[in-house]
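Remarks on the structure that follows.
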Amino acid sequence: MARNPYLPYPARIDEVIVENEARDIKTFRLVFEDPKSAVEFDHLPGQFAELSLPGMGEAPFGIASSPTETDYLLFTIKRVGLFTTEIHSVEAGTAIGVRGPMGRPFPWDTMAGKNLLIIGGGFAFTTLRAAIKYILDPANRSRFGSILVIYGARTPGELMYKDELTEWQARDGIDVHLTVDHADEHWTQHEGVVTSLLGALKPSADNTLVLVCGPPIMIRFTLVSLATLGFSEDAIILSLEMRMKCGIGKCGRCNIGSKYVCKDGPVFTYQELRTLPTEY
Amino acid sequence: MTPSHEIEARLRETAEELLREKRVDLFLGYEKATLPFRTTPLFLTSPEEVERLAWNPFCTTNLAVYLPRLFKAPASAREAERAPPLPTVAVVLKGCDARSAIALVQERQVPREKLVLVGVACPGMVDVRKAERALGEHEALGAGEDALGNIHVVVEDGREVTLPREEIVADACLECRAPTPSLPDVLVGEPVEGKDPDGARRQTDEFASKTLDDRWAHLQDELSKCIRCNACRQACPMCYCKECLLDQTRPRWVGTSTDMSDVTIYHLVRAFHMAGRCTECGACARACSMGIDTRLLTRKLGQEVEDLYGYRSGESADVLPALSAFDMDDAQDFLTEP
Amino acid sequence: MTEKRIPHTDLDGLLGRLRERGAVYAPARDDAGDVALTQAPLDDPMVLEYRNFRLSPKAFFLPQSQTLLTFCDGEAHEPSLPDGETFLVGVRPCDAKALLALDKVFLDGDPPDPYYARLRETTTVIALACTRPMSSCFCTSVGGGPGDGAGADVLAVGLEADLLLRAQTPKGEELLSSVADLLADATDDAVKEAEKRVGAAESLIAPVEVDNSAQRLRDGYDSPCWETASQTCLGCGTCSFLCPTCHCFDITDELRGTRGRRVRTWDCCAYPLFTLHGSGHNPRPSPKERWRQRIMHKFRYAVENLDRLFCVGCGRCIRNCPASMDLRTVLRELGA
Amino acid sequence: MSQTQTVQDAATDKGWEPRIATFLCNWCSYAGADLAGVSRIQYPHNIRIIRVPCSGRINPAFLLRALQNGADGVLVSGCHPGDCHYISGNLVARRKFALFKELLQYAGIEPERVQFTWVSASEGGRFAAVVEKVVEEVRKLGPNEKLVKTL
């Protein structure tokens, strides 16, 4: 019999990492209690999962780890609402439920053979981290052309995954550019919003797909800049956030027009989004 | 009693004049609905459309419910900068509705100077449910009113049935103590006296005379019909809170389920929040599609507030609401002493 | 397709046989005079003449509150699924048809919903053709009709002296054969009488133009009518909760000490909190967007997505709206 | 929340003991309870204290929530009239409490389940006596079954 889709896989929080200065973004490393669950939980970057603490509720989060990181799952969570406040208060060792993977991942088949431009803003960088890890895996790297990453945050202290960013900047095969809205005295890289860095780098639209994740305001301006740079609407791939409950296309909460963000998304091309009502 | 068609004509004249002279931006009244026994609220902005305005025995909605959202405070300073100027609104109000409007002014949800209160002396409105029950298995295809205020109904086989008005008037209307609006800017219709102003007391006394467990059993029986649709709350002009305690999730005070404990607490909280604020318009009871007697508890609280603090909601715009006020000598015989 | 006949006088016997197999809900009149599906040992003959029930039978398949999981000491467990049989007798064809809409979401969706699936599996629906449509009914405009048996397992049509019983599904076939000894063969006269009665009921129903509604609503997405129509909406959930096809739900956890449960409860797109994000952003911030969503979902999105209107024309939302809103008005205005 | 959960957890299998969720204002009544403790005045252990800034802070929904979560009774205490550290919090609360108690009784809930009193910081003895009385009255009523939610 098929597994009850409302029943989470039992997992354990293995490690909690504080990501930012404001201490309101933490990365949770999860390990499945039963190794079989890890096999069943077969995901691709761009997908999400529903996390639940028994009795405290359930909420959807983008998966921050790549399937090439086989021993654990990562979720980077900002403290904003009910569930996120609860999970921010737990420590390593806490039992947690995971349902998923859910939703449509980034279009990996279409992305093969292309140059990739990855643009992230603030806390929404989570699934992009998963994508980068996935691409950089030796087994995958040759499938893609050049990789240009632009990642911005409000301040240097708000940039997540700092160690990895440093490592990626130092290595070959990927070109990572960082920017902050407000620099401090130690900041030596670009200062300004993401679009200003994008304007300075002027990446070519030729044979290139763009992955964009960030706050709505950043996305709005980024789309304008990308159009100026000659990127077509079907070359731009975005990920939406909606309030969700069931995650399996039943509860009717995440509908945007006739699409369910949980099943038809969360990843959409800009072209697809243009056909939807602007109710997101 | 002024005939409905005369009141309707006066309302249309008033609306036409107010809108044409641009003394109001919006005239809030009633329009015939698609089904008999019903009207639907009409948001009128053009003097050319006043013919849509209706007055009949089915003008049940308490239009004051729409006032707070028309004057909603901007959420942020930035929004305030962009916000259009506040509208001036004329609103048709029966006795009870006028009390709600005054109470909203009192609670500073609506600026009095932006309102034109068009009061109608109310002969009592028809309770759809009572009317439909009176017809049994027949369905009304049309309904009108005669000179005496009785309701004439055409049913599906073409026959006409007469329903005596007093038999199908809403309970809240029968119990109404002030059917003629107080403090209106315009009053339409000859003043009307309440039909059975002592009725409310009689009912609470009767309920209170039951044993504790019988009262509980009755309440549970009544509330077991609840489907948690929130209609009683949404139809109430005094339920304007930006975030209702019953909806809060941090923490969630009341569960969303139909567990009787959740349902009972929902109704106790709703009733209690009405203490000293309910204007006894009966909107909650009318809105309930399951026919729950939502006024059972609110009626009692209104009487308690009157007995203890000599206050009745919606009678004056200048006094402090009873539960925002206090007196050093307030009764405290309910306290536990060692 | 088996077609049988049972005299009115033998109906109690039939209900008795069903009661031996499981829980039987049949129309009964309450003290206030309303007819509702009631589980009661029936002393009186079953009520056959009634307008539709106040509540749609959807709660038999999607209960208003339903436990999805239980918690004990931090572990989640599946609740045991019900296994007894339930028989719903006298469901109106519009409400039976609504089950086909719910099936699209809860059975045909990937993955299927195990809780709905089980209740659907263990419940047998015996519909009774409608003889008393109301002025708020428009089933014939949305692909149904007073004698439409789709969604039911058996369709019954009330005749002068008998009920004509028509099996609609294998489950219905099985049911009829299990009580074959109580049934007589349907006669041509009976079939003709049934047709006549259904036709008479059909002629009472005023049509609403919903042809090609999806396209017309696509064109009308930015119509000013949404703003006008939604002005009167009070934002309560009456329309959704009474609707036989509305199925949106919320999931919440309840915990005391170390025990608790995860519950799903009906929810409604008219509520401002329905789409409110944790961040405070609300994609459908005003009654305009929310009212539009409800109509669009039923008459456009569901058609685009599931190839089916999510409205069966039962008219409950029209009869029970506290502000007397009528979705037919909007559909007309949009020419949808 | 966690306090009301503790009330539940205090349930023992050996014989029923009433559990009273007790809401005390920070300035007078909590200090009064403290004084009772410091002065080693004995009072029943059935109460679980929840400290609130002022009796005026108490929304009756708190009390319903406690009863729903398994408290058998609720006790609320604030400063005596005239002594409120926020001038009039307890006086506004007094009206709420009077009405709330009446409402519950009218709805069919035993009036002894929800009790209100005033205790000052110097009234350790009074606090103990009130608790004694409330626990006794609730004990007579038996467990709260009307509003409690079974999970």
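Structure notes:
- Listing of strands (runs of 3 or more DSSP E) fully contained in the stretch D:41-151 that carry 3 or more residues being closer than 19 Å to B:Phe272 by Cα and of a type outside the set (S, T, N, Q): D:73-78
- Check on A:Val224, part of a strand (DSSP E or B) and either aromatic (Phe, Trp, Tyr) or not assigned by TED's automatic domain parsing to the domain that holds A:Ile63 (or both): no
- When C:Arg292, C:Arg308 are checked against the criterion of being at pLDDT below 95, in contact with a helix residue (DSSP H, G or I) (Cβ under 7 Å, 6 or more places away or on another chain) and over 22 Å from C:Met325 (Cα atoms), C:Arg308 stands alone in meeting it.
- Qualifying residue in the stretch C:53-73 (condition: under 27 Å from C:Leu155 (Cβ atoms), surrounded by 19 or more Cβ atoms within 10 Å (Cβ to Cβ), within 14 Å of chain B (Cβ to nearest Cβ) and among the hydroxyl-bearing types (Ser, Thr, Tyr)): yes
- Hits in the stretch C:11-33 (condition: surrounded by fewer than 18 Cβ atoms within 10 Å (Cβ to Cβ) and within 14 Å of another protein chain (Cβ to nearest Cβ)): C:Arg29, C:Asp30, C:Asp31, C:Ala32, C:Gly33
- If you go through the stretch B:34-77 and keep only what is in a loop (DSSP other than H, G, I, E, B) and among the β-branched types (Val, Ile, Thr), you end up with B:Thr34, B:Thr45, B:Thr60, B:Thr61.
- Within the stretch B:210-243, the set of residues being over 19 Å from the mean Cα position of the chain (by Cα) and either touching a residue at least 40 places away in the same chain (Cβ under 8 Å) or over 19 Å from D:Glu110 (Cα atoms) (or both) comprises B:Leu219, B:Gln220, B:Glu222, B:Leu223, B:Ser224, B:Lys225, B:Cys226, B:Ile227, B:Arg228, B:Lys242, B:Glu243.
- Sole residue being more than 30 Å from B:Gly144 (Cα to Cα), within 19 Å of the chain's Cα centre (by Cα) and of a type in the set (A, V, I, L, M), chosen from B:Leu63, B:Leu70, B:Leu42: B:Leu70
- Residue check, A:Leu197 buried (at least 18 other Cβ atoms within 10 Å of the Cβ) and either within 19 Å of the chain's Cα centre (by Cα) or outside the structural domain of A:Lys133 (by TED's automatic domain parsing) (or both): no
- Of everything in the stretch B:244-256 that is buried (at least 20 other Cβ atoms within 10 Å of the Cβ) and in contact (Cβ under 8 Å) with a residue 24 or more places away in the chain, the residue that is farthest from the other protein chains (Cβ to nearest Cβ) is B:Leu246.
- Of all residues in the stretch A:227-252, those being under 21 Å from A:Thr126 (Cβ atoms) and within 13 Å of another protein chain (Cβ to nearest Cβ) number 7.
- Residues that are touching a Lys or Arg at 6+ places or on another chain (Cβ under 9 Å) and more than 9 Å from chain C (Cβ to nearest Cβ), drawn from the stretch A:90-102: A:Ala92, A:Gly93, A:Ile96, A:Met102
- The residues of the stretch B:315-327 include none that are more than 10 Å from every other protein chain (Cβ to nearest Cβ) and part of a helix (DSSP H, G or I).
- Matching residues, the stretch B:260-314, being assigned to a helix (DSSP H, G or I), within 14 Å of chain C (Cβ to nearest Cβ) and over 14 Å from B:Leu223 (Cβ atoms): B:Ala283, B:Arg286, B:Ala287
- Members of the stretch B:127-171 that are surrounded by 17 or more Cβ atoms within 10 Å (Cβ to Cβ), under 27 Å from C:Glu49 (Cα atoms) and small (Gly, Ala, Ser): B:Ala131, B:Ala134, B:Ala140, B:Ala143
- Residues within the stretch A:33-61 that are among the small types (Gly, Ala, Ser), closer than 28 Å to A:Pro138 by Cα and within 14 Å of another protein chain (Cβ to nearest Cβ), tallied: 1
- Here the condition is being within 28 Å of C:Asn305 (Cα to Cα), of a type in the set (S, T, N, Q) and either in the same structural domain as A:Leu51 (by TED's automatic domain parsing) or crowded, with 22+ Cβ neighbours inside 10 Å (or both); of A:Ser258, A:Ser239, A:Ser232, it holds for A:Ser239 alone.
- Qualifying residue in the stretch B:328-335 (condition: outside any loop (DSSP other than H, G, I, E, B) and either touching a strand residue (DSSP E or B) at 6+ places or on another chain (Cβ under 7 Å) or more than 9 Å from every other protein chain (Cβ to nearest Cβ) (or both)): no
- Residues of the stretch C:256-277 classified as in contact with a Phe, Trp or Tyr (Cβ under 8 Å, 6 or more places away or on another chain), of a type in the set (Gly, Ala, Ser) and within 7 Å of another protein chain (Cβ to nearest Cβ), total: 1
- Residue in the stretch C:195-214 that is crowded, with 18+ Cβ neighbours inside 10 Å, among the β-branched types (Val, Ile, Thr) and within 14 Å of chain B (Cβ to nearest Cβ) present: yes
- Scanning the stretch C:100-116 for residues that are closer than 11 Å to C:Leu62 by Cβ and of a type outside the set (Asp, Glu) gives C:Leu102, C:Val105, C:Phe106, C:Tyr115, C:Tyr116.
- Filter result for the condition that a residue is of a type in the set (Gly, Ala, Ser), closer than 23 Å to C:Asp250 by Cα and under 16 Å from the mean Cα position of the chain (by Cα), over A:Ala59, A:Ala64: A:Ala59
- Remark: pairs (first residue in the stretch A:235-254, among the hydroxyl-bearing types (Ser, Thr, Tyr); second residue assigned to a loop (DSSP other than H, G, I, E, B) and buried (at least 23 other Cβ atoms within 10 Å of the Cβ); Cβ separation under 7 Å; 6+ apart in sequence or on different chains) = A:Ser239/A:Gly46.
The values are calculated or read from the model by the stated rules, or taken from the named source; none is laboratory data. Since this is a predicted model, take the numbers as computed values, not measurements. Glycine also receives a Cβ, built like all others from the backbone with ideal geometry; neighbour counts cover every protein chain displayed.
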